[in-house]
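Following: one structure in C-alpha cells, then a few remarks.
What follows draws every value from the coordinates through simple rules; no lab data is involved. As the structure is a computational prediction, the values presented were derived from the model and not from experiment. Because the Cβ atoms are built from the backbone with ideal geometry, glycine has one as well, and the counts that use them run over all protein chains shown.
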Amino acid sequence: MDYSNKTSPLYLQIYGDLKTLIEQHHYEYGSFLPAERVLSTHYKVERLTLRKALSLLAEQGYIEKLPGAGNKIIYKSATPASSQAIANAIVYVLPDMANERVAQPYHMEICNYLEKYCKNDNLDLIFTKVSDSQTMPSFLQNPAAVRGIIWVGDINPEFLEIARKNHVPSIVVSNNYPHFPRINMDDINCGYSATCHLIEQGCKRIVHIAGFPNYISTYNRSEGYRRALLVNGLKVLPELTVQGDWNFLSGYSSVTQLIENGIDFDGIMASNDMMALGAMKAVITSGLKVPEDIKIVGIDNIEQSKISIPALTTICVEQKSIAKLAFLFLKQIMEGVSIPDEILIPGKLIKRETT
C-alpha cells in the first residue's frame, strides 16, 4: 500500500490500517502482530514512525506491548462467535483443471496430514479449487474471513496479488510467485534421478510423460530427464516425450498411442505416479511385461504406488514433510516470524518391482 500520497501523518495512516486489520480479525485475539522490522519494511517507514502507530494502538486497547515478546492483540469485538468461525480456517487452494474430476491423490494425502496439524492448533482446513475464469474466489471476497492460504501449483497470479494486497498470510507450493515464501520440490533432481535409475537398469530409449503444461514442476522434471540423458550420452528424441495431465488416463492413452504407432522404447519416466500407473496398464494390456520388457519409474510415492501389481518404483517427495513445513511456515507468518524465501524438498528413490 502506498502511503506517500495521503495528507495525514504516516503513523496515523499506519495506525488506521492496523486498526482495521485487527477489527476485521486478520490478527486474532491473543495472536501477535508481525515483528517491528517486518512492519517497518512493509510500510516503508522508520521504526520510530511505526512505534508511534503501535503506541496509539496500545493506548486505544488494541494491543499490549510485551517486552521481549512483541505486540499482542487484546482487542475483542462484539461479533458473535458463529460469524468468526470461518476466520479460524486455513485454505488449501489448487487450480481447477477441466480434465480433473477429483483431486490428485498426492494432494489429498498432503491435506490429510495438514488437517491433523490444524486440529492440533484448533484450526479448520478448507480444501478448494480455483479456475482462471473466476472473477474472485469466495474466500478472497472477505480476506479477513481466513487465517491463511496455501496456494498450490499454477494459480492465477491475480488471486495471489489480491491476497498480498490484503495482507492475507500466504505461502505457495510448486509455484515461483516472488512475494510469498515458496515450498518447492527439487524437481530437476527428481526427474534426473528417476531417469538415471532407468539408464542404470539398462534402458536406452526412455519415454518421458510430462505433466500438465505451465506447471513449474512439469518443466523442471522434464529438464531433469533431459539432463540425465545427455550426461549419459543418450540423445533427447522428441518422439519419446509425450504430454500428460497428471491423471491415470493420460498415462494410459499416451503410451497406448506410442505402442500403436510402433515407437520402440524400453523405459518410461512419468512425471507423477498416477501417469506411471496408467502407462503400466497400457504396457501390460499390449501384451508386454513390466519390468522384463519395459521398466517404469514415477514420482510422488502415493499409496497406490505401493500396492500396484507390480509395485511401482518411484521418487518419494514425502507428503508428510510438505504438509508439516507448509503448516509451520504459515503459522510463523501469522505470528510475524521471519522465514526463508524458498525451501527445496529433496526426493528419494524408492526401488520396487517395476524396475
Exercise for the section: Return His208, His26, His167 ranked ascending by Cβ neighbour count within 10 Å, so the fewest neighbours appear first. Expected result: His167, His26, His208
Exercise for the section: Could you line up Cys316, Cys203, Cys190 from fewest to most neighbouring Cβ atoms inside 10 Å? Expected result: Cys316, Cys203, Cys190
Exercise for the section: Within 10 Å of each residue's Cβ, count the other Cβ atoms and sort Lys306, Lys72 from fewest upward. Expected result: Lys306, Lys72
Fill in the blank from the handout: From the cross-link list Lys19/Lys331; Lys19/Lys52; Lys281/Lys306; Lys119/Lys348; Lys44/Lys165, the entries with a Cα-Cα span beyond 18 Å are Lys19/Lys331; Lys119/Lys348
Fill in the blank from the handout: trypsin sites (Lys or Arg not before Pro) in the range 179-269 lying in a DSSP loop, each with at most 16 other Cβ atoms within 10 Å of its Cβ, come to Lys204, Arg205, Lys235
Fill in the blank from the handout: The rounded separation in angstrom of the Cα centers of the range 152-190 and the range 23-73 is 26
Fill in the blank from the handout: Under 5 Å from the placed amide H of Lys129, counting only residues 5+ away or on other chains, we find Leu94
Completion exercise
In the list [x] 131; [y] 157; [z] 173, the entry giving volume of the Cα convex hull per residue in Å³ computed from the coordinates is [y]
Exercise for the section: Per DSSP H run of at least 4 residues, take -39500 (n - 2.57); add these up for the chain, divide by its residues and hand me the 222 nm value, nearest 500 deg cm²/dmol. Expected result: -12500 deg cm²/dmol
Handout entry: Amide H contacts under 5 Å for Ala89, placed H, 5+ residues apart
Key = Asp124, Arg147
